[in-house]
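Chemist: One structure, as C-alpha cells, below. Some questions next.
The values are calculated or read from the model by the stated rules, or taken from the named source; none is laboratory data. Bear in mind that the values here come from a model prediction, so they are computed numbers and not experimental data. For neighbour counting, all protein chains shown are included, and Cβ atoms are generated from backbone atoms with ideal geometry for every residue, glycine included.
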Amino acid sequence: MASKVVPAPRTRGAGTAGSADGCEDPICLRLKTIPGIGAVVALTYRSATDNPARFTSSKAVGPWIGLTPSRSQSGARDVSGGITKAGDVNLRRALC
C-alpha cells in the first residue's frame, strides 16, 4: 500500500536575516515587505540600482528603468505610445 504524501504548508512574509533566499541586505528586506515583491525582484532591483540615493525622488526611478510612455508631438497632434524600454532590461522584465 502506497503512503499518501502531504505537501508542507507554504508561508509568506518578509524574509529574515539568514533566510534561505540569500536576501540579507536591509534594502532587499524592506522591498520584500511590499505585496508582490519577492526575493528575485528585490535582488534584481538592488543589483540594478547600486546606490538608490542617487535618485532625487521615487518619481525618477520609473523613467530610469524605462517604464514611462513614449510621446510623439507635432503641432496639435500628441500621441502617447508604449513604454520607452530604456534602462536595465532584466529589471524591467522582473517588474512586468
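Chemist: Residues in segment 44-65 that are out of contact with any Asp or Glu (no Cβ under 8 Å at 6 or more places or on another chain) and either at positive phi or not polar (S, T, N, Q) (or both): how many?
Modeler: 12
Chemist: Being at pLDDT 85 or above, outside any strand (DSSP E or B) and surrounded by fewer than 13 Cβ atoms within 10 Å (Cβ to Cβ): is that true of residue 59 here?
Modeler: yes
Chemist: Looking only at segment 65-96, count how many residues are assigned to a helix (DSSP H, G or I), touching a helix residue (DSSP H, G or I) at 6+ places or on another chain (Cβ under 9 Å) and of a type in the set (A, V, I, L, M, F, W, C).
Modeler: Qualifying residue count for the region: 4.
Chemist: Okay, next question. Might you let me know whether segment 69-84 holds any residue that is surrounded by 10 or more Cβ atoms within 10 Å (Cβ to Cβ), within 30 Å of residue 24 (Cβ to Cβ) and not polar (S, T, N, Q)?
Modeler: Looking through segment 69-84, none of the residues is surrounded by 10 or more Cβ atoms within 10 Å (Cβ to Cβ), within 30 Å of residue 24 (Cβ to Cβ) and not polar (S, T, N, Q).
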